[in-house]
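Scroll down for the structure; my scribbles are underneath it.
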Amino acid sequence: MLNQRLFSFLLLSLLMCSCLQATDWYVSRNTGKGKKATKEAPAKDLGNIISKLQPGDTVHIAEGIYLGRGKNGSNTLNIPVRIIAGYDATFSKRDPWGAHRTIFSGDNLSQNYTPDPSLFIDLMKYQGPASPILVDGLIIDQGGRNRYLTEQENKLVPMANPKTGQNPSPSLGGLVIRVSKSGKFDDGPRWNIQVRNNIVMNTYQNQAALSVSGYKGATITIENNLVIQHGGTGIFCGSKYHGNDQFPEFKVHNNTVLFSWDSGMSQGFNLKMDSPTQLELRHNVLGFADIVALNNASRSKNLLLVGNLITGARQADYLEFNTKMDVENMVDEAELLHDDSDENVTDGIKIPVSRAFAELYGSRVIVDREKAEANVSASNSGANALRGMLGLPLQAGSVKWPTTPVFLNRISVDDAIAAGSKKYNGEYGCHKPK
């Protein structure tokens, strides 16, 4: 009994010591200098202090546009930390989608270019304790890192241009978190990952704009995020564990995913899931996917869908292995949905973006665009339904598609925030953090 009490005391002491060692760091693009990274003397960029961070630390980031260390546009962390953004210069107020925006961007002409994600928390080789991970209040805008054909930024170009010194558009995602087995995993806590109140925009990638991959027993919350104007996949829920139980558990609530382009590799999904994972999706908006809104080709089981609004998917609302379904029939026809899945709807929504962006998006040319919308049907994926949701005049008869090249035209931060600041139809999607 004495030895057991001594062991418990030592364990508690170690935990208390670990908590006491956790440090708060402060970063301010506008007022920062040096590497003290205190509230009184903040650092200038997250990339400048990454080497000083320890597991369990918290980084507070003030308003401003951050280009990364050496303007490389990317921050890679190999330890679990908390990142909280959207503060004013004094770190006393937060308004991440309003007066105090923390924007991770970049410079396409930088000599320190990297294709890595704007924020990459990569713990595949990490061997320490599974401290909680939090990313809250970032705006990740890869528009500054992308290469566009002209100054009007109407068409993204994937490849570099050696003659002009332009780098390729980064293709590895905007916000990416992945974890694996850490240290004495079976004896310690499981991963707890929270991603909330973020905006990820203007990404062109082979993976996903916002990607989280968990491990055995991990609990992952993806809540109140906006993912808008991206190629490939919007949100990816992944697994680095392939056992028989305790699958990574995702709660994906109140997110808005809009304008998921086919990047040329038959990828244009609002949300894609891995197997094995356990997913609960509630009150999300999944809109305008060039392929399908929900991709469950990997056959993830017990997917719970409750009260989501799915609209504008060109091919299907839900894909289960190789079977395509619409919202009205997926609860009846799907074999992998949880029995409690219900109240999912499809409906038109008004997206309050600027007319300039809407005109460009509405004029894009899509390969096999439902045979050029010859009959202009009333479905949510029809051209007129799309124009109506963007506030553009409706067209009668057959659609005459402009020949102006448009591909992943850049959306502004103001337009993105306008599209995500309020719930659609009063109950679906994200909203401006309070």
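All of the numbers you see were taken from the coordinates with simple rules; none came from a lab. Here the structure is a predicted model, which is why all the values come from computation and not from measurement. Here the Cβ positions follow ideal geometry from the backbone for every residue, glycine too, while neighbour counts run over all protein chains shown.
Before moving on, here are some points about what is shown:
- Using θ = phi - 60° in the Karplus curve 6.51 cos²θ - 1.76 cosθ + 1.60, the 3J(HN,Hα) couplings for region 35-41 round to 10, 5, 6, 9, 4, 7, 9 Hz; x is entered for Gly and Pro.
- Comparing mean-square fluctuations of GLY34, GLY64, GLY287 from a GNM of the chain with C-alpha springs under 10 Å, the top value falls on GLY34.
- Fraction of alpha-carbon pairs over 27 Å apart in the chain - percent: 53 percent
- Segments 125-137, 176-188 sorted - mean Cβ within 10 Å per residue, highest first: 125-137, 176-188
- Count Lys and Arg as plus one, Asp and Glu as minus one, and take only other residues whose Cβ is under 14 Å from that of THR233; the net charge is then -2.
- Linear extension gain, ASP414 paired with GLN111, 0.36 nm per residue minus alpha-carbon span: 106.2 nm
- Beta-bridge orientation, the chain: approximately 5 percent antiparallel, per DSSP, counting only bridges with both partners inside.
- Net dipole in debye of the chain [+1 Lys, Arg Cβ; -1 Asp, Glu Cβ; about Cα centre; nearest 20]: 1720 debye
- Computed from backbone phi with θ = phi - 60° and the Karplus coefficients 6.51, -1.76 and 1.60, the 3J(HN,Hα) list for region 136-149 is 9, x, 8, 10, 9, 10, 8, x, x, 8, 6, 9, 10, 5 Hz; x is used for glycine and proline.
- Inter-part distance where region 105-125 and region 249-272 are each reduced to a Cα centre, Å: 21 Å
- Taking the chain as a Gaussian network of alpha-carbon nodes connected by springs under 10 Å, the highest mean-square fluctuation of the residues ASP107, ASP262, ASP342 belongs to ASP342.
- Using a cut-off of 26 Å between Cα atoms, the listed pairs LYS181/LYS301; LYS36/LYS93; LYS93/LYS181; LYS33/LYS422 include LYS93/LYS181; LYS33/LYS422 as exceeding that distance.
- Most positive-pole-ward Cα, SER421, ALA99, ILE61, against dipole of the chain from beta carbon charges: ILE61
- Between the helical axis of 2-21 and the longest alpha-carbon principal axis of the chain there is an angle of about 60 degrees.
- Surrounding net charge for ASN154, when Lys and Arg each add one and Asp and Glu each subtract one, Cβ distance under 10 Å: +1
- Per-residue [θ]222 nm for the chain (sum of -39500 (n - 2.57) over DSSP H runs n ≥ 4, rounded to 500): -3500 deg cm²/dmol
- Modelled FRET efficiency - R0 30 Å, ASN244 with ASN206, Cβ distances, 0.05 increments: 0.50
- Close amide-amide hydrogen proximity is noted between SER171 and no other residue 5 or more places distant or on a separate chain, at a cut-off under 5 Å (H modeled in the peptide plane; Pro and chain starts excluded).
- Net length gained if the chain between LEU336 and GLN127 were fully extended (0.36 nm per residue, minus Cα distance): 71.8 nm
- Whole-number D in µm²/s for region 164-304 (Stokes-Einstein; Kirkwood sum over Cα pairs; 37 °C, 0.692 mPa s): 216 µm²/s
- Amide H contacts under 5 Å for LEU134: VAL81, ARG82, ILE83, GLN194, restricted to partners 5 or more places along the chain or on a different chain, H placed in the peptide plane at 1.01 Å from N.
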